[in-house]
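Contents: one structure, followed by commentary.
No value in this document is a laboratory result; all are computed from the given coordinates. As the structure is a computational prediction, the values presented were derived from the model and not from experiment. A quick note on method: Cβ atoms are made from the backbone with ideal geometry, for glycine too, and the neighbour counts reach across all protein chains shown.
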């Protein structure tokens, strides 16, 4: 999507201190942490059926496979960088509708589930909280990681939005159409408190969707720029209190004006940069996943 190129250009221009790296391509072994071998083989070899391609939302092509691998690789790299420095951002990613055996909703591979399961496999003491604040419920993520005692899913989403059939995660908060800043932030505060009462995260993966914005074509909520900045601040504030690394993905955003979507994402990157400066000043960059 064009928004990713525009976002990268603006980060490069407005945050020159931020290090931008090319996303690595995830290997098959990494994809298999969350996906069935047969599904991975069909994607890689171009064997997806017409119905499978319709469910994903775009046709198969070799560039599609490469882009999907790199989206996963970027989230894996962001997790590794966050473990070293406190915070890192994938300027794409958040493909949370992909299931173990299929893609859907413009999602081919589930980068968030793969990253969380890799953290859990490599760090037996890890407790990974996935905070999904895209406007759509993270059904694929919940379906894939639900059996892992090391991974906790929290989703705050539009109740009447896609997917029609939700998959129960650990905490799911469905919001009515038209939800504005204060109602949203109150619901987020309550959900985060409930999560902390049940789970003690050592690592956060944050899906910072731009689609709750009032100008989004698909979002159906009514958050302002200020409300979304406050949302981001709450997540980074939680990471600071926990002294836990946080890896960020951009997730969805479908504004009537693409520049509006890019601005929401850029505001999240600004907030992440401020959090990194805080980590460096306080020594929190020495935090480790567990």
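First check a/c for region 134-290, with a ≥ b ≥ c the square roots of the eigenvalues of its C-alpha gyration tensor; if it is under 1.5, answer rounded, and if not, answer prolate when a/b is larger than b/c or oblate otherwise. Verdict is oblate for region 134-290. Rounded to 0.05, the FRET efficiency of the residue 224 and residue 66 pair, given R0 = 51 Å and the Cβ-Cβ distance, is 0.90. State whether region 154-242 is rounded, prolate or oblate according to the following rule on the C-alpha gyration tensor (a ≥ b ≥ c being the square roots of its eigenvalues): a/c under 1.5 gives rounded; otherwise a/b larger than b/c gives prolate, and the remaining case gives oblate. Oblate shape, in that a/c is at least 1.5 and b/c is the bigger or equal ratio. Pairs of Cα atoms nearer than 8 Å and 6+ residues apart set the relative contact order; for region 121-242 it is 29 percent.
Seen from a random direction on average, the alpha-carbon convex hull of region 192-285 projects onto 6.1 square nanometres. The order of the peptides 8-21, 96-109 by mean Cβ neighbours within 10 Å, most packed first, is 96-109, 8-21.
If each residue of separation counts as 0.36 nm, what is the full-extension length gain between residue 25 and residue 281 once their alpha-carbon separation is subtracted? Walk me through the numbers on the way to the answer.
Details: separation 256, 0.36 × 256 = 92.16 nm, distance 3.26 nm.
Answer, rounded to one decimal: 88.9 nm.
Using Cβ contacts closer than 10 Å as the measure, can you line up 153, 260, 202 from fewest to most? Walk me through the intermediate numbers first.
On the way: 153 31, 260 17, 202 20.
Going from least to most buried by this count: 260, 202, 153.
Here is the P(r) of region 230-282: all C-alpha pair distances, binned every 5 Å from 0, give 5, 18, 28, 21, 13, 8, 5, 1, 0 in whole percents.
At 0.36 nm per residue, minus the direct Cα-Cα distance, what do residue 189 and residue 53 gain on full extension? Give it in nm, one decimal, please.
Working: separation 136, 0.36 × 136 = 48.96 nm, distance 3.79 nm.
Once the chain is fully extended between residue 189 and residue 53, it gains 45.2 nm.
Taking the empirical scaling 2.2 N^0.38 Å for compact globular proteins as reference, region 2-286 has a Cα radius of gyration ratio of 0.92.
Fewest Cβ neighbours within 10 Å first, please rank 282, 261, 179 accordingly.
On the way: 282 12, 261 27, 179 23.
Exposure proxy ranking, most exposed first: 282, 179, 261.
Roughly what % antiparallel, to the nearest 5, for the DSSP beta bridges in the chain? Approximately 10 percent, going by the DSSP bridge assignments.
If you average the sequence gap of Cα pairs under 8 Å that are 6 or more apart and divide by the length of region 187-270, what percent do you get for the contact order? Walk me through the numbers on the way to the answer.
On the way: 103 pairs, mean separation 33.0, N = 84.
Here the relative contact order equals 39 percent.
Regarding region 1-112, what whole-number volume in Å³ per residue does the convex hull of its Cα atoms give?
In region 1-112, the Cα convex hull volume per residue is 98 Å³.
Label reach from residue 168 (point 7 Å along Cα→C-beta): in region 194-235, amide nitrogens under 20 Å belong to 194-199.
As a proxy for reagent exposure, ranking 156, 238 by other Cβ atoms within 10 Å from fewest up yields 238, 156.
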